[in-house]
Amino acid sequence: MTDIFPSSPAASVVSTRRYRFATEVVTVDNSDDPHNAASVPIYQSATFKQKGATASGEYDYTRSGNPTRTHVENHLAKIMGAERALVVTSGMGALDVITRLVRSGEEIIAGDDLYGGTNRLLSFLAQSQNVKTHHVDTTKAESVLPYLSDKTRLVLLESPTNPLIKISDIPTIAKYVHERCPNALVVVDNTMMSPYLQRPLELGADISYHSGTKYLSGHHDLMAGVIGVKDTSVGDQLYYVINATGCGLSPFDSWLLLRGVKTLAVRMDKQQASCIRIANYLETQGFRVHFPGLLSHPQYHLHRSISAGPGAVLSFETGDIGISERIVEGTKLWSISVSFGCVNSLISMPCRMSHASIPAHVRAERALPEDLIRLCVGIEDVEDLLEDLEQALLSAGALPYPSK
Ligand SMILES: *Cc1c(COP(=O)(O)O)cnc(C)c1O
């Protein structure tokens, strides 16, 4: 018998959640450690010796499995509410592994306000693998209906989307897909929320993945991708791809990710509270602010019903590209940077930076405002963040100077 999908070491000891999230996320099960190490050690070893010529141990070669990677996978499975989690070298690597479930001729349905790299990978699949993606407005659950067919293999959602912060009704879309297409999998890119604020597998998704580069690690000191599945047979297929292609996360990065994720709840609490203050400030100043924590957000109630909070990323419009450029360049504390989820606050212009790989005409079709500014709030003192932002708004001419 050929073993097409060998079980990996990661399949073993996923413990289920027993405490509240903030407790579980800092509590790593390391009970199998021979020396009772408080921190899971880094097994910086490519190979593991076998007990005999035919007797293989739990680990043999790090591409196939490594104890440090197993620990972070089991820990992440617990906090994601997944049957199994797998960690790879980047968020895009995670999506690449997932899209290898799609055969030539099958189809993907995805949102129309996707992460730029996701768009690039989907275009690549369309051009080279004959895998077509239908982009639909996932803020309306019904928009997926006309495209669901027996060719549909994946329905790929983000919520909130980035940078327009649109909300997808994950439970309703998952219900439509599962009723009509038993062969299709609902996949949610949960990077913006993290498992602390939203757990798509509990909302009906089959696969949830994250760029671990963002909130999960929290310090912008590593790249990682995390995939969580509800069904272990899907997990086995994904593991097969990871082992076959060699994109499993390295022992050192696995260790960094495990170290970083322990503070997810405290970081997110602080970042989110500051982001709510900043969103209110900007809205009061008259800017059009996109943030699901504001009552003015058109899907405020939907977002509330599927998540535990609005997160720490917002975007706002100034009405003028030049003003936006001056604001971004005028801040001192906010670093001009792509990405988000770091303990430091970041500011960017998505159309010039993270989303520049989307062609200008597609950005226009999708109503992506060229003047949009994205703020990713860190853990600094919020008064400093507000003061720095205000001086940048004033010197850019976005706000009138208060009369003396
Ligand atoms: C960053 C990001 C990705 C890609 O992750 P990498 O770790 O950069 O490869 C995917 N989706 C979203 C929403 C992201 O923000």
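The values are calculated or read from the model by the stated rules, or taken from the named source; none is laboratory data. Predicted model only: the values in this text are computed from it and were never measured. Don't worry about glycine lacking a Cβ; one is built from the backbone with ideal geometry, like all the others, and counts go over all protein chains shown. The protein model used for the area step is the full one, side chains on, heavy atoms only, and it has no ligands, DNA or RNA in it. Shrake-Rupley method; radii C 1.70, N 1.55, O 1.52, S 1.80 Å.
Some notes on this structure:
- The listed residue being on the phi > 0 side of the Ramachandran plot, within 16 Å of the ligand (Cβ to nearest atom) and in contact with a Gly (Cβ under 8 Å, 6 or more places away or on another chain), out of GLY212, GLY225, GLY218: GLY218
- Residue that is nearest to the ligand (Cβ to nearest atom), among those in region 162-176 that are open to solvent by less than 10 Å² (accessible area, probe 1.4 Å) and in contact (Cβ under 8 Å) with a residue 40 or more places away in the chain: ASN162
- Residue check, VAL261 within 13 Å of the ligand (Cβ to nearest atom), of a type in the set (A, V, I, L, M, F, W, C), surrounded by 24 or more Cβ atoms within 10 Å (Cβ to Cβ) and in contact (Cβ under 8 Å) with a residue 60 or more places away in the chain: no
- Listed here are the strands (runs of 3 or more DSSP E) enclosed by region 264-379 that have at least 1 residues being within 15 Å of the ligand (Cβ to nearest atom) and open to solvent by less than 10 Å² (accessible area, probe 1.4 Å): 313-317, 346-348, 373-376.
- Given (1) crowded, with 24+ Cβ neighbours inside 10 Å; (2) small (Gly, Ala, Ser); (3) farther than 30 Å from GLU179 by Cα, number of the condition ALA205 does not satisfy: (3)
- Residue under evaluation GLY81, criteria (1) modelled with pLDDT of 95 or more; (2) on the phi < 0 side of the Ramachandran plot, criterion not met: (2)
- For region 214-247, residues that are over 14 Å from SER64 (Cα atoms) and either surrounded by fewer than 17 Cβ atoms within 10 Å (Cβ to Cβ) or among the polar types (S, T, N, Q) (or both) total 6.
- Close Cβ contacts (under 6 Å, 6 or more residues apart or on different chains) running from residues in region 196-223 that are within 12 Å of GLY260 (Cβ to Cβ) to residues that are within 15 Å of the ligand (Cβ to nearest atom) and of a type in the set (Phe, Trp, Tyr) comprise LYS214/PHE340.
- Pair list, Cβ under 6 Å, 6 or more apart: region 80-103 residue more than 19 Å from TRP255 (Cβ to Cβ), other residue near the ligand (Cβ under 9 Å from one of its atoms): MET92/GLY117
- Of the residues making up region 140-164, those that are among the β-branched types (Val, Ile, Thr) and at pLDDT 95 or above are VAL144, THR152, VAL155.
- Filtered by the rule that a residue be buried (at least 19 other Cβ atoms within 10 Å of the Cβ) and either assigned to a helix (DSSP H, G or I) or in contact (Cβ under 8 Å) with a residue 40 or more places away in the chain (or both), region 177-189 gives VAL177, LEU185, VAL187, ASP189.
- Out of TYR115, TYR147, sole residue that is among the aromatic types (Phe, Trp, Tyr) and either in contact with a helix residue (DSSP H, G or I) (Cβ under 8 Å, 6 or more places away or on another chain) or under 29 Å from ILE373 (Cβ atoms) (or both): TYR115
- ASN130 meets each of the listed conditions (1) under 19 Å from LEU201 (Cα atoms); (2) at pLDDT 95 or above apart from (1).
- Index of the failed condition, SER123 passing every other in (1) within 23 Å of VAL97 (Cα to Cα); (2) within 15 Å of the chain's Cα centre (by Cα); (3) at pLDDT 95 or above; (4) within 16 Å of the ligand (Cβ to nearest atom): (2)
To keep it simple, each residue is scored yes or no on (1) away from the ligand (no atom under 16 Å from the Cβ); (2) at pLDDT below 95; (3) β-branched (Val, Ile, Thr); (4) assigned to a loop (DSSP other than H, G, I, E, B).
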site	(1), (2), (3), (4)
ALA53	yes, yes, no, yes
SER56	yes, yes, no, yes
ARG63	yes, no, no, yes
GLU73	yes, no, no, no
ALA77	yes, no, no, no
VAL87	no, no, yes, no
LEU95	no, no, no, no
VAL102	yes, no, yes, yes
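- Filtered residues of region 282-337 (kept if within 23 Å of ALA367 (Cα to Cα), out of contact with any strand residue (DSSP E or B) (no Cβ under 8 Å at 6 or more places or on another chain) and of a type in the set (A, V, I, L, M)): LEU294, LEU295, LEU302, ILE321, ILE323
- The condition (being surrounded by 12 or more Cβ atoms within 10 Å (Cβ to Cβ) and in contact with a Ser or Thr (Cβ under 8 Å, 6 or more places away or on another chain)) is satisfied by just one residue among THR27, THR89, THR47: THR89.
- Only listed residue being surrounded by fewer than 24 Cβ atoms within 10 Å (Cβ to Cβ), assigned by TED's automatic domain parsing to the domain that holds LEU216 and more than 23 Å from ASP32 (Cβ to Cβ), chosen from ARG63, ARG100: ARG100
- Sub-8 Å Cβ pairs linking a first residue in region 238-257 that is assigned to a helix (DSSP H, G or I) to a second residue that is acidic (Asp, Glu), at least 6 apart or interchain, are LEU256/ASP221, ordered by first then second residue.
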